Amino acid sequence: MPARQDPAVSAIASALDRIHFDLTTLRLFEATAELGAVTKAAERIFLAPAAASRRIQEFEAQFGIALFQRLPHGMALTDAGRALLAHVRSMMHSVARMQDDATAFRQGNMGVVRLAACTSAVLQFLAQDIRRCQEQYPGIKIDLLEANSQGVVEAVTRGVADIGIYESTLGGIELPTQPYHEDRLVLAVPHGHALAGKKRVTLGDILPHEVIGLSEGAALSLSLGRLAAQSGQVLHMRIMVRSFHSMAAMIAEGIGIGLMPEKVAQLLAGGDRFATVTVEGEWATRRFVLCHQPAHAMSGSGMAVAAMLAASACAAPVSAKQARPRKPSRPVSQNAKPASAK
């Protein structure tokens, strides 16, 4: 005997079988909602008014509910219509993305590139790099996903993002990689704090105090925890926040101290909200890594953006604080590995 199908599954399948519409109907529905009249919507998408009216009626019939109120001088969305409009717009956006991706694979100079990056890289480097990409490749759109370093690696590994930028202390990954920029951490402290008067601090100076940490998975918090464990000390991280903006607000109120990139501290310390102190030690210099999907899974536009980001890192000026001998940069390749954390 054939296995009996779950009644709930059968009901869903039956409902889906009744729903049949094409992109023209979705465009018509969206246009009618925006213009308030099916005749105007038909004119916009080059349909005969009678055919457009029939499509709207059939669309409503498939869902078994009125999507428009018929008024003396036009049409207005019902509550159900407004709910469906959000889904229709999402579907149309997905179709546009699909077209862009197809174009990217075909031509290489147009399309959508999905870029995931940690917050530190977004705040310090990516705005300028994305502007350069737009100037050189005006047909390429960049869809930016901001996450912590672990989230960036997961996004690229799962194929959610084409390119990722993360902090190198996470270690090597099984993806093509290339060195990106570097930054230098400083300690942000409330005015009047015991460390505010110091010119320089060490890890040993920092650990006895309450530290404002970044959320779980942030490379900065993970690295600080490892350093504390290696030194045999306890990291006091009572409060964790999701962004440097939130960290700055907590520090300004005297709740604790925090580590943040020097450029970010300069950006957030407007109005002299808190003091910054130089941090001694090699560990305070952080290196970022650019990773991307294997070459066979990348579009031409994705490879073009990855190459430009890697080139911008090589061309970036290095300050006296950051200057040190470095191995020659390698091209973006499938076999490249990130430098191991020190």
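Cβ contacts < 8 Å: first residue closer than 14 Å to Ala121 by Cβ and of a type in the set (Ser, Thr, Tyr), restricted to the range 149-161; second residue open to solvent by less than 30 Å² (accessible area, probe 1.4 Å) and not in a helix (DSSP H, G or I), any location; separation 6+ or different chain. Result?
Ser149/Cys118; Ser149/Tyr166; Ser149/Glu167; Ser149/Gly217; Ser149/Ala218
Run down Leu170, Leu145, Leu123 and say which single residue is over 23 Å from Met298 (Cβ atoms), under 19 Å from the mean Cα position of the chain (by Cα) and open to solvent by 10 Å² or more (accessible area, probe 1.4 Å).
Values: Leu170 fails: over 23 Å from Met298 (Cβ atoms); Leu145 fails: over 23 Å from Met298 (Cβ atoms).
Matching residue, one of Leu170, Leu145, Leu123: Leu123.
Hey, Leu224 hits all of (1) open to solvent by less than 50 Å² (accessible area, probe 1.4 Å); (2) in a strand (DSSP E or B); (3) closer than 20 Å to Phe244 by Cα but one; which does it fall short on?
Condition (2) is where Leu224 drops out.
Can you give me the number of residues within the range 238-255 that are out of contact with any helix residue (DSSP H, G or I) (no Cβ under 6 Å at 6 or more places or on another chain) and buried (at least 18 other Cβ atoms within 10 Å of the Cβ)?
Initial filter on the range 238-255 (out of contact with any helix residue (DSSP H, G or I) (no Cβ under 6 Å at 6 or more places or on another chain)): 238-240, 242-243, 245-247, 249-255.
Then drop every residue that is not buried (at least 18 other Cβ atoms within 10 Å of the Cβ), which leaves 247, 250-251.
Qualifying residue count, the range 238-255: 3.
Among the residues of the range 289-305, which ones are surrounded by fewer than 24 Cβ atoms within 10 Å (Cβ to Cβ) and either within 18 Å of the chain's Cα centre (by Cα) or among the hydrophobic types (A, V, I, L, M, F, W, C) (or both)? Don't jump to the end; show me each part of the working.
Filtering the range 289-305 for residues surrounded by fewer than 24 Cβ atoms within 10 Å (Cβ to Cβ) gives 293-298, 300, 303-304.
Listed by number, the residues that qualify are Gln293, Ala295, Ala297, Met298, Met303, Ala304.
Looking only at the range 239-275, how many residues end up being more than 20 Å from the chain's Cα centre (by Cα), closer than 20 Å to Ala219 by Cβ and not in a helix (DSSP H, G or I)?
Residues in the range 239-275 being more than 20 Å from the chain's Cα centre (by Cα), closer than 20 Å to Ala219 by Cβ and not in a helix (DSSP H, G or I): 6 in total.
So, Val279, is that one surrounded by fewer than 21 Cβ atoms within 10 Å (Cβ to Cβ) and aliphatic (A, V, I, L, M) or not?
Working: surrounded by fewer than 21 Cβ atoms within 10 Å (Cβ to Cβ): yes; aliphatic (A, V, I, L, M): yes.
Considered against the rule, which asks whether it is surrounded by fewer than 21 Cβ atoms within 10 Å (Cβ to Cβ) and aliphatic (A, V, I, L, M), Val279 comes out as yes.
Within the range 59-73, which residues are of a type outside the set (A, V, I, L, M), in a helix (DSSP H, G or I) and open to solvent by 70 Å² or more (accessible area, probe 1.4 Å)? Talk me through it step by step, then tell me what you get.
At the first step, the residues of the range 59-73 found to be of a type outside the set (A, V, I, L, M) are 59-60, 62-64, 68-70, 72-73.
Filter again for in a helix (DSSP H, G or I), leaving 59-60, 62-63.
Matches in the range 59-73: Phe63 only.
Which one of the conditions (1) within 21 Å of Leu267 (Cα to Cα); (2) open to solvent by less than 40 Å² (accessible area, probe 1.4 Å) does Gln128 fail to meet, given that it meets all the rest?
Among (1) within 21 Å of Leu267 (Cα to Cα); (2) open to solvent by less than 40 Å² (accessible area, probe 1.4 Å), Gln128 violates only (2).
The values are calculated or read from the model by the stated rules, or taken from the named source; none is laboratory data. This structure is a prediction, so every number in the text was calculated from the model and none was measured. Cβ atoms come from the backbone with ideal geometry, glycine included; neighbour counts cover every protein chain shown. In case anyone asks, the SASA skips ligands and DNA or RNA and just uses the protein heavy atoms, side chains included. Shrake-Rupley method; radii C 1.70, N 1.55, O 1.52, S 1.80 Å.
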